[in-house]
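The values are calculated or read from the model by the stated rules, or taken from the named source; none is laboratory data. Please read all numbers here as calculations on a predicted model, not as lab measurements. Here Cβ is always computed from backbone atoms with ideal geometry, including for glycine, and neighbour counts include all displayed protein chains. Remember, those area values only see protein heavy atoms, side chains included, never the ligands or the DNA or RNA. Shrake-Rupley method; radii C 1.70, N 1.55, O 1.52, S 1.80 Å.
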Amino acid sequence: MTINVSEIHKHAGEEIELKGWCYNFRSSGKIFFLQFRDGTGRVQVVYSKSDMTEDQWMILESLRLESSVVVRGVVKEDSRAPLGFELEGRFIQAIQIAPEGYPIGKKEHGPDFLLDHRHFWLRAESQWAVMRVRDRIITSTYEWFHENGFVKFDTPILTPTSCEGTTELFEMDYFSDEGEGSATKAYLAQSGQLYLEAGIMSLGRAFDFGPVFRAEKSKTRRHLTEFWMMDAEAAFIEHEGNMAIQEALICRIVQDVLKHCQYELKVLGRDTAPLEKVQAPFVHITHQEAVAKLRGMGSDIGEMDDLGADDETLLTQQYDRPIFLEKYPAAVKAFYMKRDPQDPTRCLNNDLLAPEGYGEIIGGSQREDDYETLMMRLKEHNLDPKPFEWYVDLRRYGSVPHSGFGYGLERIVAWLCGLHHVRETIPFPRLMNRLTP
Ligand code: 4AD
Ligand code: MG
C-alpha cells in the first residue's frame, strides 16, 4: 500500500510503500542508508545487503542525490528519528537515477548561489518548512475572514491608476482609450484597495489576496518588487474598529501557526516563546509619541517624518507585542486617508509593527468618504482626477464611513519563521536585481 511519510505512525510493524526522492544516502558496503522525502515528511530507509537480491543492491548503489524512487519496507519505531520511525528496507525501484553533480550539496552555499538555484533550493527542508508556514498563514487568513463575514473579491492587476503613489509604478503601453484610440498608460497594481472600496458598497465586507508590484529602488531585506498582499475593507467600520479587526486576524494567524506548524518551526530553529506572547491587546502609540520615544533613544527622526526601517526596528524591540502606530502626518501618507478631526494635519491611519525588530507588516486607514474633500486631496497629491472618476463617484451614491488595511504576506512569513530576509519567503522572489529562475 502506498502511503505518505506523514501517515507512517499509523503503520508501525506493517510493510508499506512510499514514492518520492532520495535526498541523501550513505553505504557501509553491507548496509545502505537511504534518506527519503516525499513532500509530506522525511524518513530513513535502512537496507541490509544480506536481505536483498544482487539486482536490488545494484540499484541502491547506483542512486545519486535527488534520484526519484519507490521504496518498500517495514515501519519500525526508532526514538532517534525525527518522526520516531524508520523503515527496514525490503524493495527499491528507481524512477529516475539522477546524474552525479546535484548542485546543492552539504557544504555551505552563499545566498546568491542558492537563489540562482531556487528551483532546487526549494527542496531543502528549511525551504519546505517556510513554504508550509506560508500556506498555513494563507489558509488561516481565508478561514478567519470567512468566519467574520468577509467575501473574497478579486481585484484587477492591470489598472489605470496608482494606489500608493507614483514613484514605484510598473508602467506599460498596450491599452488604447475606448473610442478615441489614443494611447493610455496602464500600471501593475500596487494594492487592490481602491477596487475593494467599490466591492464593499455591494458586499459590506470584502478581501482580496494576490500579487502586487512595486518598482522599489531600494534593496532592503524587507522589500520585494512582486509580493503577495491581502487587502481587506469594511463598510461602517471606523479607525478603532479597523485596528480591532487587524488584531484579531493577526492573533488567529499566530495561534494557528503555533498549533499546526511546530515541526516546521523546529526545522527553522525558530524560538516560539516570543510568538506565544503575541496576544491581544496589542500596544497602541501615536506617531507623535513614537517620534518622542525614538528621539530619546538617539534617532534623528523629524517631527513630521515617516519612520525609517531602523526606527521601526528600534521601536519594536521595546515591546513583546505588535504595535499599532497611529495617526501619521498626512504629508507622508496616501491621498485616500481620512484626516483626524482632532488634528487635520494627521490621518486616521495605522501601521502595525511586528515585534523582534521585524517592522511594518500592515498598513491601514479609515478612508476619506466625502466627495469634495477627496477631489481636493487628488489635487493636493498632483494626481490626474480622470482615471479616479469611478473611485470618487463611490462618494456620490451612498457614501458611508469605511476602513481597511493590507498585509504583506512575505513580511509575516519572515517574522513567524524568524528569517532575516523576505527573499526566502516566496517561491520565486523578484528583486530589483533578480528575475530568474
Ligand atoms: O503599507 P502599504 O503600502 O499599504 C497599501 O498598499 C494599502 N493600500 C493597503 C490597504 O489599506 N488596503 O502596503 C501594505 C503592506 C505593508 O505593510 C507591508 O507589509 C507590505 O504590504 N509591503 C511590502 N512587502 C514586501 N515588499 C514590498 N516592497 C512591500 N511594500 C509593502
Ligand atoms: Mg505602509
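The listed residues are ALA234, ALA215, ALA309, and the only one of them that is in contact with a Gly (Cβ under 8 Å, 6 or more places away or on another chain) and modelled with pLDDT under 95 turns out to be ALA309.
Within the range 267-280, is even one residue open to solvent by 70 Å² or more (accessible area, probe 1.4 Å) and touching a strand residue (DSSP E or B) at 6+ places or on another chain (Cβ under 6 Å)?
Going through the range 267-280, the residues open to solvent by 70 Å² or more (accessible area, probe 1.4 Å) turn out to be 271, 276-277, 279.
Those still in the list that are touching a strand residue (DSSP E or B) at 6+ places or on another chain (Cβ under 6 Å) too: none.
Checking the range 267-280: not a single residue is open to solvent by 70 Å² or more (accessible area, probe 1.4 Å) and touching a strand residue (DSSP E or B) at 6+ places or on another chain (Cβ under 6 Å).
Among the conditions (1) open to solvent by 10 Å² or more (accessible area, probe 1.4 Å); (2) away from ligand 1 (no atom under 16 Å from the Cβ), SER140 misses just one, which is (1). Scanning the range 281-321 for residues that are closer than 22 Å to CYS347 by Cβ, of a type in the set (A, V, I, L, M, F, W, C) and surrounded by fewer than 15 Cβ atoms within 10 Å (Cβ to Cβ) returns a single hit, ALA292.
Taking first residues from the range 223-241 that are farther than 14 Å from ARG430 by Cβ and of a type in the set (Gly, Ala, Ser) and partners that are more than 11 Å from ligand 1 (Cβ to nearest atom) and open to solvent by 10 Å² or more (accessible area, probe 1.4 Å), the Cβ contacts under 6 Å between residues at least 6 apart in sequence or on separate chains come to ALA234/ARG205; ALA235/GLY204; ALA235/VAL400.
Give the residue that is farthest from HIS420 (Cα to Cα), with candidates limited to residues of the range 217-258 that are among the small types (Gly, Ala, Ser) and surrounded by 22 or more Cβ atoms within 10 Å (Cβ to Cβ). Working first, answer last.
Start the filter on the range 217-258 by keeping residues that are among the small types (Gly, Ala, Ser), which leaves 218, 232, 234-235, 241, 244, 248.
Right, trim to surrounded by 22 or more Cβ atoms within 10 Å (Cβ to Cβ) and you get 232, 234.
Details: ALA232: 27, ALA234: 33 Å.
The selected residue is ALA234.
Every residue, every condition in (1) among the polar types (S, T, N, Q); (2) touching a helix residue (DSSP H, G or I) at 6+ places or on another chain (Cβ under 8 Å), yes or no:
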site	(1), (2)
VAL283	no, no
THR286	yes, no
THR313	yes, no
TYR319	no, no
SER365	yes, yes
ASP370	no, no
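In the range 211-252, how many are in a strand (DSSP E or B) and more than 10 Å from ligand 1 (Cβ to nearest atom)? Reasoning before the result, please.
Applying the first criterion (in a strand (DSSP E or B)) to the range 211-252 yields 211-213, 226-235.
In the following step, the residues that additionally are more than 10 Å from ligand 1 (Cβ to nearest atom) were identified as 211, 234-235.
Summing the residues that are in a strand (DSSP E or B) and more than 10 Å from ligand 1 (Cβ to nearest atom) in the range 211-252 gives 3.
Among strands (runs of 3 or more DSSP E) entirely within the range 272-391, having at least 2 residues that are within 16 Å of ligand 2 (Cβ to nearest atom) singles out 323-326, 343-347, 349-354, 359-366.
Before we move on, is GLU356 open to solvent by 30 Å² or more (accessible area, probe 1.4 Å) and either in the same structural domain as GLN317 (by TED's automatic domain parsing) or within 16 Å of ligand 1 (Cβ to nearest atom) (or both)? Break it down into steps so the answer makes sense when it comes.
Working: open to solvent by 30 Å² or more (accessible area, probe 1.4 Å): yes; either in the same structural domain as GLN317 (by TED's automatic domain parsing) or within 16 Å of ligand 1 (Cβ to nearest atom) (or both): yes.
Yes, satisfied.
Take the conditions of a type in the set (A, V, I, L, M, F, W, C) and more than 16 Å from ligand 2 (Cβ to nearest atom) and apply them to LEU249. Does it pass? Yes, satisfied.
Of all residues in the range 317-332, those satisfying the criterion of being out of contact with any Pro (no Cβ under 9 Å at 6 or more places or on another chain) and either farther than 30 Å from THR272 by Cβ or among the polar types (S, T, N, Q) (or both) are GLN318, LYS327, TYR328, PRO329, ALA331, VAL332. Tell me which residues, restricted to the range 20-45, are open to solvent by 30 Å² or more (accessible area, probe 1.4 Å) and farther than 21 Å from GLN127 by Cβ. Matches in the range 20-45: ARG26, SER27, SER28, GLY29, LYS30, ILE31, PHE33. Within the bounds of the range 58-76, is there any residue that is part of a loop (DSSP other than H, G, I, E, B) and open to solvent by 80 Å² or more (accessible area, probe 1.4 Å)? Scanning the range 58-76, I find no residue that is part of a loop (DSSP other than H, G, I, E, B) and open to solvent by 80 Å² or more (accessible area, probe 1.4 Å), so the answer is no. Within the range 344-353, can one find any residue that is open to solvent by 50 Å² or more (accessible area, probe 1.4 Å), β-branched (Val, Ile, Thr) and touching a helix residue (DSSP H, G or I) at 6+ places or on another chain (Cβ under 7 Å)? Yes: one or more hits.
Does the range 21-29 contain any residue that is closer than 27 Å to ILE104 by Cβ and assigned to a loop (DSSP other than H, G, I, E, B)? Yes, the range 21-29 has at least one match. Look at (1) in contact with a Ser or Thr (Cβ under 7 Å, 6 or more places away or on another chain); (2) at pLDDT below 95; (3) away from ligand 2 (no atom under 16 Å from the Cβ); (4) open to solvent by less than 60 Å² (accessible area, probe 1.4 Å) and you find that CYS163 fails only one, number (3).
Scan the range 40-57 residue by residue and report those that are among the aliphatic types (A, V, I, L, M) and assigned to a strand (DSSP E or B).
Of everything in the range 40-57, those that are among the aliphatic types (A, V, I, L, M) and assigned to a strand (DSSP E or B) turn out to be VAL43, VAL45, VAL46.
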